[in-house]
Amino acid sequence: EDKVVQSPLSLVVHEGDTVTLNCSYEVTNFRSLLWYKQEKKAPTFLFMLTSSGIEKKSGRLSSILDKKELFSILNITATQTGDSAVYLCAPNYGGSQGNLIFGKGTKLSVKP
Amino acid sequence: NAGVTQTPKFRVLKTGQSMTLLCAQDMNHEYMYWYRQDPGMGLRLIHYSVGEGTTAKGEVPDGYNVSRLKKQNFLLGLESAAPSQTSVYFCASSYSPYRGKDEKLFFGSGTQLSVL
C-alpha cells in the first residue's frame, strides 16, 4: 500500500529559527515528489523534485530528495511569521494515470 | 488569470439533500481532480479525470459522482448528503504528466460544506 508520512505533525518556533520538515514515502512507480504550502485556503506549489541529491531553492526555502532512502526534507531558514502554514508533501506515484498521494502535513507556527 | 475556480464557496445542506459543486479551469489542463480535506486526514482524492468525457475513482469515491462533459469543467455531485460528507472540498487541475509538461497541481480556493 502506498503511504506518505510527514514529521513532525506540528512545530512551534520563533522568528529567525531554522526548521526542517520531513517526508518519507513508500510508493510504487515513483515519478516525482511535490511540496505545497497551505495557509487559509488552497495549497500553493513550492517545489517539485525528481532527482536525488539536487537541492531546489526558493529564497529561504530549500528542498532535497533521497530516492534511495525514500525521503525528502524541506528546510526553512530565518523563519518569519508569514511562514506559518501547513506544509504538505505529495509523491507522484504515476501508475497508469499519474496521481499524487498527500501526507497529512506538518503544521508550522512561527511566533514573533 | 482565473486559474481554477470553484463554486460555491460555502454551503449548508440537510441530510438527504443533493447538490453539485462546480470546478472550472482556464489553463487547458488535461487532468482534473476532486479532493476532500478533513482535520488530521490530509487531502484525499475522491474522483479524477484524465480528459473530457472520462472519470475515475480515487481513494474515497463512495457517495459522490462526477462528470466532465467539457475539458474546462469538472462537476462533483452529492446525491444524498450525509453528515460524514461535511468537509472542505478542493478542485485541482494539472497537465498530463505523460506529455512532458510540468505536472504540478493548481488548486481552487475550496468549498466548505456542512451537512446537518
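The values are calculated or read from the model by the stated rules, or taken from the named source; none is laboratory data. What you see is a predicted model, and the numbers here were worked out from it, not measured in a lab. Backbone-built Cβ (ideal geometry, glycine too); neighbour counts: all protein chains shown. Please note that ligands, DNA and RNA were not included when accessible areas were found on the heavy atoms of the full protein model with its side chains. Shrake-Rupley method; radii C 1.70, N 1.55, O 1.52, S 1.80 Å.
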Pair residue B:22, residue B:56: separation of 7 Å Cα→Cβ label points (nm):
2.8 nm
Please give the average number of partner chain Cβ atoms lying within 10 Å of the Cβ of each residue in A:43-53, rounded to a whole number.
2
Suppose we look only past 24 Å in the calculated P(r) of chain B. What percent of the Cα-Cα pairs does that tail hold?
19 percent
Chain B - share of DSSP beta bridges that are antiparallel (%, nearest 5):
90 percent
Hey, what did chain A get for relative contact order, percent, Cα under 8 Å, at least 6 apart?
37 percent
Does segment A:37-112 classify as rounded, prolate or oblate by the C-alpha gyration tensor (a ≥ b ≥ c root eigenvalues; a/c under 1.5 gives rounded; else a/b over b/c gives prolate, otherwise oblate)?
oblate
Within the set A:57/B:71; B:71/B:104; A:67/B:70, which residue pairs have Cα atoms separated by over 29 Å?
A:57/B:71; A:67/B:70
Can you spot the lysines whose alpha carbon is less than 21 Å from residue A:111's alpha carbon? Ignore those fewer than 8 places along the same chain.
A:37, A:40, A:41
Please list, short to long, the whole-number percent of alpha-carbon pairs of the protein assembly as shown in consecutive 5 angstrom bins beginning at zero.
1, 7, 14, 18, 19, 16, 12, 8, 4, 1, 0
Give me a single rounded figure for B:104-111: the average over its residues of other chain Cβ atoms within 10 Å of their Cβ.
5
May I ask you to list the GluC sites (Glu not before Pro) in segment A:11-110 that are in a DSSP loop and have at most 11 other Cβ atoms within 10 Å of their Cβ?
A:69
Roughly how big is the B-A contact, given as buried accessible area in Å² (both sides, 1.4 Å probe, nearest 100)?
1700 Å²
Selection from A:9, A:112, A:50, by position along the positive dipole direction of chain A (Cβ):
A:112
With +1 on the Cβ of every Lys and Arg and -1 on the Cβ of every Asp and Glu, and nothing else charged, how large is the dipole of segment A:17-112 about its Cα centre, in debye rounded to the nearest 20?
240 debye
Mind jotting down the distance between the C-alpha centroids of segment A:1-69 and segment B:31-57, whole Å?
21 Å
With +1 on each Lys and Arg Cβ and -1 on each Asp and Glu Cβ, and nothing else charged, work out how big the dipole of the protein assembly as shown is about its Cα centre, in Debye to the nearest 20.
380 debye
